[in-house]
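A.B. asks: Here it is, the structure, as structure tokens.
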Amino acid sequence: MSEQLTYAGVLCRSFAEAHDVLTHLTELSVTVKQIERLTGRIGSERVAEREAGRAAFVALPLADKFAAPPGVTPAELVVVMADGGRLQIRDWAATAVNDPAPPGDSTAMPEPDWDEEPVGQTGHWREDKIGLLLTMHSSVSAEDPCPQVPACFLDGVRIPQLAQQLKTTAKAAADSDDTAAAVAQPAELAETTYQPPQVQRRQVVASRGRWPAFAPLLASAAWSLGFQGASRRAFVGDGSANNWRLQRRFFGSFVPILDFIHALSYVYAAAMAGQQAVRGWACYQRWIGWVWQGQVSQVLTELRQRQVEVGLPDKGEAATSPRQVVAGALTYLSNHQDKMKYDEYRRQGLPLTSSLMESVVKQINQRVKGTEKFWSETGSEAVLQLRADYLSDGEPLAAFWKRRQATATGQRRYCRAA
């Protein structure tokens, strides 16, 4: 029965929904509070197991941390991704005063070089950290298997919508009627076939811990799967500074790859900013073709010229102004140029986007995010761990129940009434 209650508490969008499902589909007679308490208790046990694994990893000699553990056969291609989600913490004020670190976080205060949320910020919305460990399959090619940008990235209807979802500056660039009319028809190009690597297995890691605690947590999970011993290794992320700090510290031998879609959104915004729609769209087509071929330097050359034409932004100027949009794209592409060798990545059979990571964040959010959902730090950590287990291949929860049963004493602890 415990397995059923816990599974429902993690799978459903709320404990109340889990109660309704169990009531209608089983003969179990339980309350919402019972499901919540059991899920929290089991989740805390899984968090304790996870923390023990992290502690063991941290205690390893440095050389062992960057090698496959004994008895584990490394895969041919492995990929690491990380991102953040959102959820509401109701007891943040008390936590900030009495214990600045969430449960399971061994770092009392954030390290200065990590981009952490201010402890004293108002409101309830906070960040949870999510990692994705992928074993994938692909082929290595002597030449770029897809040298021309696929037509889907030249689609005049789809690209403005895609860019708007990622950047407010891109939205502002595409809001005019002239732009909509200019790009209403998709580019009439032959569809270029691009086959991304195929997923074989995934493991999800999720926590409310701060980045200095989450980073070794993700690294320990990757190490246990033999990721450091794989023949091809990649780390894919967006422009978040925390992603690349994580990559440098724990996945330095992994090829760093900037998510192509995020790069596209900046290119599109800068191309359309302050220009007539027809001219801007032609500029975008040229620039994104260069980016796809790994020729980012050519885009930067034209972006610098474009900045001269529109001028430098003034202090406090609106983020959606053409000068700010061009300056932002110039900074973004310059900072990540070394992670945009997309032609080389395709030859190596590496992924170009973090779309799988975005999907996992949404699946985590389905359980923990909502305007009506408020979590305690302990409760959120427990549910995040169980939700990550549920989304992982290999049935980690099934293995946990077997371990739990094997170590059960058959005795039940009772609390003496006061």
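To keep it simple, each residue is scored yes or no on (1) modelled with pLDDT of 95 or more; (2) under 19 Å from Asp238 (Cβ atoms).
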residue: Gln298; (1), (2): yes, no
residue: Arg306; (1), (2): yes, no
residue: Gly316; (1), (2): no, no
residue: Ala319; (1), (2): no, yes
residue: Val326; (1), (2): yes, no
residue: Ala329; (1), (2): yes, yes
residue: Tyr332; (1), (2): yes, yes
residue: Arg367; (1), (2): yes, no
residue: Ser380; (1), (2): yes, no
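A.B. asks: Sticking with this one: If you take the residues of region 44-69 that are closer than 19 Å to Glu381 by Cβ and in contact with a Pro (Cβ under 7 Å, 6 or more places away or on another chain), which of them is surrounded by the fewest Cβ atoms within 10 Å (Cβ to Cβ)?
C.D. replies: Initially, region 44-69 is screened for residues closer than 19 Å to Glu381 by Cβ, giving 44-55, 57-58.
Still in the running and in contact with a Pro (Cβ under 7 Å, 6 or more places away or on another chain): 54, 57-58.
Numbers: Arg54: 22, Phe57: 20, Val58: 13.
Out of the qualifying residues, it is Val58.
A.B. asks: Sort out which residues of region 319-363 are surrounded by fewer than 20 Cβ atoms within 10 Å (Cβ to Cβ), more than 27 Å from Met272 (Cβ to Cβ) and more than 20 Å from the chain's Cα centre (by Cα), and write them in order of number.
C.D. replies: If the condition is that a residue be surrounded by fewer than 20 Cβ atoms within 10 Å (Cβ to Cβ), more than 27 Å from Met272 (Cβ to Cβ) and more than 20 Å from the chain's Cα centre (by Cα), then Glu344, Arg347, Gln348 are the ones that fit.
A.B. asks: A further question on this structure: Against the definition (β-branched (Val, Ile, Thr) and either assigned to a loop (DSSP other than H, G, I, E, B) or farther than 22 Å from Ser380 by Cβ (or both)), how does Thr73 come out, yes or no? Before the answer, list the steps.
C.D. replies: Numbers: β-branched (Val, Ile, Thr): yes; either assigned to a loop (DSSP other than H, G, I, E, B) or farther than 22 Å from Ser380 by Cβ (or both): yes.
It is true that Thr73 is β-branched (Val, Ile, Thr) and either assigned to a loop (DSSP other than H, G, I, E, B) or farther than 22 Å from Ser380 by Cβ (or both).
A.B. asks: Restricting to region 248-276, name every residue that is surrounded by fewer than 19 Cβ atoms within 10 Å (Cβ to Cβ) and either assigned to a strand (DSSP E or B) or polar (S, T, N, Q) (or both).
C.D. replies: Answer for region 248-276, where residues must be surrounded by fewer than 19 Cβ atoms within 10 Å (Cβ to Cβ) and either assigned to a strand (DSSP E or B) or polar (S, T, N, Q) (or both): Ser253, Val255, Gln276.
A.B. asks: For region 22-43, enumerate the residues that are without any contact (Cβ under 8 Å) to a residue 24 or more places away in the chain and surrounded by 14 or more Cβ atoms within 10 Å (Cβ to Cβ).
C.D. replies: Leu22, Val32, Arg37
A.B. asks: Between a residue in region 56-77 that is farther than 15 Å from Leu218 by Cα and any residue that is surrounded by fewer than 14 Cβ atoms within 10 Å (Cβ to Cβ), which pairs come within a Cβ distance under 7 Å, given they are 6 or more apart or on different chains?
C.D. replies: Once the first residue is farther than 15 Å from Leu218 by Cα and sits in region 56-77, its partners that are surrounded by fewer than 14 Cβ atoms within 10 Å (Cβ to Cβ) give Glu76/Ser231; Leu77/His137.
A.B. asks: Outside any helix (DSSP H, G or I) and exposed (fewer than 14 other Cβ atoms within 10 Å of the Cβ) - does that describe any residue in region 2-18? Lay out the reasoning, then the answer.
C.D. replies: Keep residues of region 2-18 that are outside any helix (DSSP H, G or I), which gives 12-14.
Of the ones still in play, those that are also exposed (fewer than 14 other Cβ atoms within 10 Å of the Cβ) are 13.
Yes - at least one qualifying residue is present in region 2-18.
A.B. asks: Right, here's the next one. Among the residues of region 112-122, is any modelled with pLDDT under 60, under 30 Å from Ala213 (Cα atoms) and in a loop (DSSP other than H, G, I, E, B)?
C.D. replies: As a first pass, look at region 112-122 and keep what is modelled with pLDDT under 60: 112.
Now narrow it down to the ones that are under 30 Å from Ala213 (Cα atoms): 112.
From what's left, in a loop (DSSP other than H, G, I, E, B): 112.
Checking region 112-122: at least one residue is modelled with pLDDT under 60, under 30 Å from Ala213 (Cα atoms) and in a loop (DSSP other than H, G, I, E, B).
A.B. asks: Moving to a separate point now. Kindly indicate whether any position in region 339-353 is out of contact with any Cys (no Cβ under 8 Å at 6 or more places or on another chain), in contact (Cβ under 8 Å) with a residue 24 or more places away in the chain and over 27 Å from Ala151 (Cβ atoms).
C.D. replies: Applying the first criterion (out of contact with any Cys (no Cβ under 8 Å at 6 or more places or on another chain)) to region 339-353 yields 339-345, 347-353.
Retained after the next criterion (residues that are in contact (Cβ under 8 Å) with a residue 24 or more places away in the chain): 339-345, 347-353.
Subsequent filtering for residues that are over 27 Å from Ala151 (Cβ atoms) retains none.
Looking for residues that are out of contact with any Cys (no Cβ under 8 Å at 6 or more places or on another chain), in contact (Cβ under 8 Å) with a residue 24 or more places away in the chain and over 27 Å from Ala151 (Cβ atoms), one finds none in region 339-353, hence no.
A.B. asks: Still on this structure, I have one more. Confirm whether Ala163 is aliphatic (A, V, I, L, M), in a helix (DSSP H, G or I), at pLDDT below 90 and crowded, with 19+ Cβ neighbours inside 10 Å.
C.D. replies: yes
A.B. asks: Further, regarding this structure: Go through the residues of region 17-32 one by one and say whether even a single one is farther than 22 Å from Lys369 by Cα and modelled with pLDDT of 95 or more.
C.D. replies: Checked against the condition, which is being farther than 22 Å from Lys369 by Cα and modelled with pLDDT of 95 or more, region 17-32 yields no hits at all.
A.B. asks: Let me ask something additional. Just the residues that are outside any loop (DSSP other than H, G, I, E, B) and closer than 13 Å to Gln337 by Cα, please, taken from region 277-311. Please lay out each step first, then the result.
C.D. replies: Let us first name the residues in region 277-311 that are outside any loop (DSSP other than H, G, I, E, B), namely 277-292, 296-310.
The answer is Trp290, Val291, Trp292, Val296, Ser297, Gln298, Val299, Leu300, Thr301.
A.B. asks: Still on this structure: State whether the residues of region 382-402 include one that is modelled with pLDDT under 95 and among the aromatic types (Phe, Trp, Tyr).
C.D. replies: Yes, some residue in region 382-402 is modelled with pLDDT under 95 and among the aromatic types (Phe, Trp, Tyr).
The values are calculated or read from the model by the stated rules, or taken from the named source; none is laboratory data. From a predicted model like this one, the values you see are computed outputs, not experimental measurements. Note that each Cβ is placed from the backbone with ideal geometry, even for glycine, and that neighbours are counted across all protein chains shown.
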